[in-house]
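Trainee: After the structure tokens below, expect a handful of questions from me.
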Amino acid sequence: MTQVMAIISLPVLGVGLGLAVFWLIGSFMVSWRKYPAFSAAVAPASDFMLSTPDGLSVAATFWPGAKLNSPGILLMHGLGDTRQAVAANADWLAKQGFAVMTIDLRGHGQSSRAPHSFGLNESIDAQTAFDWLKRRQQGAPVGVIGISLGGAASLLGTSGPLRADALVLQAVYPDIRRAIRNRIAAYIPRPLSYVLEPLLSYQSPLRFGVWPDRLTPILSLASYEGPVLIAGGERDVYTPPSESREMLAAAAQGRGLLLLQGMNHPEASAAQSDEYREKILAFFSSTLGAP
């Protein structure tokens, strides 16, 4: 009897250890990280803090536009980055005459510590910043550039996507399960990713109080009625071109797909090329109006 119990307990112990390992991996994926010191904004830009409805503080930087009611653009960074990652593009857009705002999503940079939730709770920060910029620009059109996590945050709000007048989604995953599978498959054979992915994605009810299906930006995008530009890296294995094309097809007013040649996910997220900027400027000038 003792031998039988020992034989049974070994697989049970192995399963338990495996689940514990994947819980620790999930904990690392959502954990807050320490960020390096920030450089203060240079005039005419200014730094400030926003308060979210759920009691957190969100760090922001604002560049005034050419006029008090110039069109505005909100830029939101990707997972593990900060608003400094998009500062160069923000400064460039401000020089074109737009009013521009960047934020550190919760759990990033100088904002309040909070677990990462892949756009779910970060959508509160996105809504708070968008509303502030819309008021500041006296109701003028406001567009959004959402990069990876920032793009998901612009779509996954409890009331649906941000009511932006134009939306750029850059390297944004269509659904969390595929996003996890793609990242696993970047390191091990893809068939194994289908086995391991549920051990991470189905932690979401315990961590966030929602099932993985709630983390599906492509479904939310279908309810967004404004013009959309999809951008991604031609060599991105985390959000491959095929998924970017799916995102474009889901948009009611898809305006185009920009595949950045030779760029992987981090490179596409940090794009500052002439091609990228020309496309962004043309898109916002046509949808928001010349600043």
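Trainee: Along the positive direction of the dipole of the chain (beta-carbon charges: Lys, Arg +1; Asp, Glu -1; about the Cα centre), which of Y238, Q138, Q110 reaches farthest?
Mentor: Farthest towards the positive end: Q110.
Trainee: Give me the net charge of L68's neighbourhood, meaning all other residues with Cβ under 15 Å from the Cβ of L68; Lys, Arg count +1, Asp, Glu -1. Display every interim value, and only then the final one.
Mentor: Details: positive: K67, K134, R135, R136; negative: none.
Every neighbour counted, the sum reads +4.
Trainee: Let me ask you something else. With an 8 Å cut-off on Cα pairs and a minimum separation of 6 or more residues, tell me the relative contact order of region 217-291 in percent.
Mentor: Values: 106 pairs, mean separation 24.3, N = 75.
In percent, rounded to a whole number, it is 32.
Trainee: Taking only Cα atoms, what is the 0 to 90° angle, nearest 10, from helix 241-250's long axis to the longest principal axis of the chain?
Mentor: 60
Trainee: Also, I was wondering about something else. Can you put R214, R277 in order, fewest other beta carbons within 10 Å first?
Mentor: R277, R214
Trainee: In addition: Would you list which aspartates and glutamates come within 19 Å of K67, measuring only between C-alpha atoms, while excluding same-chain residues fewer than 8 positions from it?
Mentor: Of all the aspartates and glutamates, those that pass the test against K67 - Cα under 19 Å, at least 8 places apart if same chain - are D91, D131, D165.
Trainee: Okay, next question. I'd like the distance between the alpha-carbon centres of region 91-149 and region 154-175, rounded to an integer number of Å.
Mentor: Answer, in whole Å: 12.
Trainee: How about K279: which lysines have a C-alpha closer than 19 Å to its C-alpha, ignoring those fewer than 8 places off in the same chain?
Mentor: Cross-link targets: K95.
Trainee: Related question: What's the exposure ranking of D47, D274, going from fewest to most Cβ atoms within 10 Å? Mind showing how you got there, number by number?
Mentor: Values: D47 15, D274 7.
Ascending number of Cβ neighbours within 10 Å: D274, D47.
Trainee: Within the P(r) computed for the chain, what percentage of the Cα pairs occupies the region above 30 Å? It would help to have the intermediate numbers written out before the result.
Mentor: On the way: 12867 of 42195 pairs.
For the chain, the share of Cα pairs beyond 30 Å comes to 30 percent.
Trainee: Further, regarding this structure: As a test of the definition: which semi-axes, in Å, follow for region 136-199 when you take the square root of five times each eigenvalue of its alpha carbon gyration tensor? Largest first, please.
Mentor: With the √(5λ) rule applied to region 136-199, the semi-axes are 34, 11, 6 Å.
Trainee: A further question follows. Based only on other Cβ atoms within 10 Å, what is the fewest-to-most ordering of Y173, Y35, Y194, Y276?
Mentor: By the 10 Å Cβ count, ascending: Y194, Y35, Y276, Y173.
Trainee: Quick check: from the Cα gyration tensor, does region 44-105 come out rounded (a/c under 1.5), prolate or oblate?
Mentor: Verdict is oblate for region 44-105.
Trainee: To continue, here is another question. Quick check on the chain: of the DSSP beta bridges with both residues there, what percent are antiparallel, nearest 5%? Don't skip to the end; give the middle numbers.
Mentor: Values: 10 of 36 bridges.
The antiparallel proportion sits near 30 percent.
Trainee: So how long is each side of region 169-291 along the principal axes, counting just the alpha-carbon atoms, biggest first, in Å?
Mentor: 48, 31, 22
Trainee: Would you mind checking the tilt of helix 176-185 against the longest principal axis of the Cα atoms of the chain, expressed as 0 to 90 degrees and rounded to 10?
Mentor: Computed tilt is about 70 degrees.
Laboratory data are not the source of any read-out in this text; all were calculated from the coordinates shown. Here the structure is a predicted model, which means the values were calculated and not measured. Glycine gets a Cβ as well: all are built from the backbone with ideal geometry, and neighbour counts include every protein chain shown.
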